[in-house]
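Input: one structure, supplied below.
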Amino acid sequence: MAMSAADKSYDVIVVGAGNAALCSALSAREQGARVLVLERAPRDQRGGNSSFAGGGLRVVHSGTEDVKKIIPDLTAEEIATTDFGVYTREQYLDDLARVTQFHADPDLAEILVDSSTDTVHWIRGQGIRFVPYYGRHSFKHEGRFKFVDGVVIAAVGGGRGLVDAEFKVAEKAGIEIRYGAHVTALLRGNGGVEGVRAITAGKQEELRARAVVLACGGFEANREWRARYLGAGWDLAKVRGTRYNTGDGLRMALDIGAQPHGQWSGCHSVPWERYAADFGYVDAHMTHTSGQRYSYPFSIMVNANGERFLDEGADFLTYTYAKYGGVLLRQPGSHAWQIYDAQVTRLQRDEYRERDTTKVQADTLEKLAERMEGVDAAQFLATVREYNAAVRRDVPFNPTIKDGRGTTGLAINKSNWANPIEVPPFEAYPVGTGITFTFGGIKIDNRSRVLDIADTPIPGLYAAGEMVGGLFYFNYLGDAGLVSGAVFGRIAGREARAFAN
Ligand SMILES: Cc1cc2nc3c(=O)[nH]c(=O)nc-3n(C[C@H](O)[C@H](O)[C@H](O)COP(=O)(O)OP(=O)(O)OC[C@H]3O[C@@H](n4cnc5c(N)ncnc54)[C@H](O)[C@@H]3O)c2cc1C
């Protein structure tokens with residue numbers, strides 16, 4: 001079924017090979033289209049940010065029965081010991097609206113939320129499997145796992161497992177995939193977009209198709225664009241995922257009149273190992289999680305001045321982690337320290353124990369301060385003293401709810417999960433900013449058609465995934481990224497095929 005590129009007679013060309021692209025390709029192929037996928041990365045680095053993802057997917061569900069439909073092999077023990085909660089359409093929409101300060105495009109939001117469960121069933125129908133996402137979204141409390149923030153499922157093998165499975169299905173379905181194919185421009189003719197220009201192994205060629213789906217990510221890996229659009233200091237942030245998302249698709253689309261949409265000055269960024277490599281990497285001993293420092297709701301964070309600068313316990317991790325990277329970037333020297341004592345180290349996530357994790361440790365706070373290079377030690381000790389005195393010890397600690405065990409009377413209070421830092425050994429972890437993806441994108445309609453400045457569809461051009469602007473502003477809703485790529489990718493593939501007919 002696969003055609004050679006030389007035939008130049010594809011119905012649909014998909015640019016990129018992450019989750020959004022592969023869902024587009026599968027959806028177009030399902031409708032009978034001849035599909036070519038062009039992936040800039042070499043084969044061994046294929047799959048974009050999707051292959052770095054934890055693999056969680058935020059879907060509407062009404063509890064165990066719905067989860068069982070997605071994970072039929074859920075064991076009796078898992079069912080007996082787990083409270084999956086429920087996550088309604090209204091909660092999903094409210095969460096999205098709240099974290100984006102009510103900027104999220106309501107049309108895109110409704111499509112995302114209303115198609116979330118059905119799209120995961122569609123992915124499952126392709127042969128891809130899911131498991132309960134215990135590690136990230138549940139806590140064991142009084143013998144039972146309780147999911148705390150709506151997200152309950154992840155792809156088997158995480159993001160890597162998800163895209164590997166999608167590649168397998170795509171290959172089997174006769175979708176042609178070219179690696180090392182760097183798409184540089186869209187070809188626009190009388191019928192609209194009629195193909196792309198690409199460079200493969202140093203050779204430039206024009207590839208023709210009736211329709212093109214752009215699913216080639218944001219500009220997070222482009223240092224120059226980060227400084228240009230996100231602002232001073234962002235050029236120095238570490239990239240958590242792929243090095244290949246440099247904004248090419250956005251530039252190509254803008255070049256032919258696509259409408260910029262969403263928050264071009266905003267991005268998803270997280271507390272990240274200060275001394276991490278410039279880009280993400282996955283190898284035998286490191287994983288996508290290695291750089292993240294997500295146990296901060298149980299810590300305090302102090303900057304180089306020795307001062308706290310945010311509410312570590314403002315909400316569950318999923319609602320704060322993607323905006324706190326930006327807060328860290330704005331601290332002196334763009335870094336800070338997470339401080340833990342022996343009472344809470346058992347709650348730390350696995351990445352705190354990995355080989356490349358930088359930390360200092362001491363039996364007294366004074367010694368710890370000495371080891372925290374560059375920190376104002378006197379102010380740090382004063383901050384811890386004031387914080388310890390302000391903790392509401394009368395309120396019980398409970399990580400499965402927003403427990404209200406906060407501080408009172410501080411300039412910046414901690415709202416939940418506050419524990420005094422008083423039991424040695426003490427630990428401090430240096431953290432900086434890891435950028436995940438950028439929020440600025442191009443405008444699509446509810447059929448994933450790319451719109452021009454007059455809100456008119458550009459014939460033959462579709463977009464999905466990180467390239468779509470308008471969903472996320474200021475913050476991100478944990479585990480909505482893969483679902484967004486799948487939902488709009490599936491629509492884009494179907495619509496591109498219909499256009500090509
Ligand atoms: C460390 C990490 C963990 C994450 N965890 C989660 C999670 O658990 N759940 C969740 O929902 N989201 C998560 N995300 C976010 C999620 O990965 C992204 O939102 C999503 O994968 C984006 O999918 P995409 O297909 O749009 O982009 P990508 O997967 O990045 O794919 C873009 C593709 O385009 C290709 N490309 C780029 N430029 C060109 C070009 N010029 N020509 C050809 N190809 C090109 C790239 O090589 C790549 O294949 C995580 C991200 C990271 C980095």
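The values are calculated or read from the model by the stated rules, or taken from the named source; none is laboratory data. Quick caveat: nothing in here was measured; it's all calculated off a predicted structure. Reconstructed Cβ throughout: ideal geometry from the backbone, glycine too, with neighbour counts over all protein chains shown. Heavy atoms of the whole protein, side chains included, go into the accessibility calculation; ligands, DNA and RNA do not. Shrake-Rupley method; radii C 1.70, N 1.55, O 1.52, S 1.80 Å.
Per DSSP H run of at least 4 residues, take -39500 (n - 2.57); add these up for the chain, divide by its residues and hand me the 222 nm value, nearest 500 deg cm²/dmol.
Values: 12 runs with 137 residues, N = 501.
That calculation yields -8500 deg cm²/dmol at 222 nm.
Please calculate how many Å² of accessible area the chain carries per residue, with a 1.4 Å probe and no DNA, RNA or ligand atoms counted.
Dividing the accessible area of the chain by its residue count gives 38 Å².
If you don't mind, there's one more thing I want to ask. If you place +1 on the Cβ of every Lys and Arg and -1 on the Cβ of every Asp and Glu, how big does the dipole about the Cα centre of the chain come out, in debye to the nearest 20?
Numbers: 57 positive and 61 negative charges, 165 e Å.
For this selection, approximately 800 debye.
Which residue, Leu26, Val423, Ala390, has the largest displacement toward the positive end of the dipole of the chain when charges sit on each Cβ (Lys, Arg +1; Asp, Glu -1)?
In the chain, that residue is Leu26.
Right, here's the next one. What is the sum of charges, Lys and Arg at +1 and Asp and Glu at -1, for the other residues whose Cβ falls under 15 Å from the Cβ of Pro297?
So the environment of Pro297 carries a net charge of +2.
So, with a 1.4 angstrom probe, what is the percent of accessible area on the chain that is carbon and sulfur?
49
What is the sum of charges, Lys and Arg at +1 and Asp and Glu at -1, for the other residues whose Cβ falls under 12 Å from the Cβ of Thr400?
Numbers: positive: Lys140, Arg144, Lys146, Lys402; negative: Asp83, Glu142, Asp149, Asp403.
Net of charged neighbours comes to 0.
Give me the angle, in degrees from 0 to 90, between the Cα long axis of helix 377-390 and the longest principal axis of the Cα atoms of the chain, rounded to the nearest 10.
80
Can I ask one more? Give the percent of DSSP beta bridges with both residues in the chain that are antiparallel, rounded to the nearest 5.
Counting only bridges with both partners in the chain, antiparallel ones make up about 75 percent.
What is the packing order of peptides 406-419, 63-76, taking the mean over residues of other C-beta atoms within 10 Å and listing the highest first?
My ranking of the peptides, most packed first, is 406-419, 63-76.
Something else: Using the Cα centre of the stretch 52-190 as origin and beta-carbon charges of +1 (Lys, Arg) and -1 (Asp, Glu), tell me which of Ala76, Val86, Ala170 is placed farthest towards the positive end of the dipole.
Projecting each Cα onto the dipole axis, the largest value belongs to Ala170.
With +1 assigned to the C-beta of every Lys and Arg and -1 to the C-beta of every Asp and Glu, and no other charges, what is the dipole magnitude of the stretch 121-210 about the Cα centre in debye, to the nearest 20?
200
What is the angle, in °, between the Cα long axis of helix 19-30 and the longest principal axis of the Cα atoms in the chain? Nearest 10 is fine, range 0 to 90.
30
For the stretch 269-434, what is the charge dipole size about the Cα centre, in debye to the nearest 20, if Lys and Arg each add +1 at the Cβ and Asp and Glu each add -1 at the Cβ?
340
Further question on the same structure: Can you tally the net charge around Ala109? Count Lys and Arg as +1, Asp and Glu as -1, for every other residue whose Cβ sits under 13 Å from the Cβ of Ala109.
Numbers: positive: Arg58, Arg89, Arg98; negative: Glu90, Asp94, Asp95, Asp105, Asp107, Glu110, Asp114.
Net local charge, Ala109 excluded: -4.
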